[in-house]
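For reference, the structure is listed below as structure tokens.
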Amino acid sequence: MKKLEEEARKFMQSRNISIITADEYQRKAGETAIYPKKEALPYLSLGLVSEAGEVAGKIKKLIRDGTQSDVASEIGDVLWYCAMLASEVDVSLGKIMESNLEKLNDRKQRGKLQGSGDTR
């Protein structure tokens with residue numbers, strides 16, 4: 001099985017297709033995490049909104065100036081904070097993604113994608 005996985009990985013890489021899973025990203029991102037563990041949730045939450053603000057700033061400049069900036073890098077920073085928050089609450093990032101899609105598909109089937117509220 002290991003050989004088949006390696007062949008699949010090489011095939012995907014040769015076609016410039018990303019092969020990292022959400023859980024693999026979460027684990028590898030955790031290897032770069034340096035923050036005060038006693039204050040993990042507030043620290044990571046503040047980092048997340050800070051990075052989201054940077055994404056918004058890049059988009060604002062794109063609208064104003066019409067020039068492409070490095071939005072992808074800032075989205076990556078947002079993803080890192082999401083992964084670390086998931087780790088701190090002991091939830092798999094992949095499971096969060098699956099659950100979110102299930103919730104959205106359920107809303108879509110019920111015609112409730114638009115609107116507001118957590119329980120629509």
Loop-resident sites, segment 1-95, for GluC sites (Glu not before Pro), counting at most 11 other Cβ within 10 Å (DSSP): Glu31
Set of lysines with alpha-carbon distance to Lys95 below 17 Å, sequence-local pairs under 8 removed: Lys28, Lys103
Cα gyration tensor, segment 21-109 - rounded (a/c under 1.5), prolate or oblate: oblate
Euclidean distance of C-alpha centroids, segment 72-120 and segment 1-34, integer Å: 21 Å
Residue-averaged [θ]222 nm for the chain, counting only DSSP H segments that reach four residues, each worth -39500 (n - 2.57): -23000 deg cm²/dmol
The chain: most fluctuating residue of Leu48, Leu62, Leu85 per GNM, C-alpha cutoff 10 Å: Leu62
GNM top mover of Ile59, Ile19, Ile75 - the chain, alpha-carbon springs below 10 Å: Ile19
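Values in this text are rule-based calculations from the coordinates and carry no lab data. These numbers come from a predicted model, not from an experiment. Every residue, glycine as well, gets a Cβ built from its backbone with ideal geometry; the counts of neighbours run over all protein chains shown.
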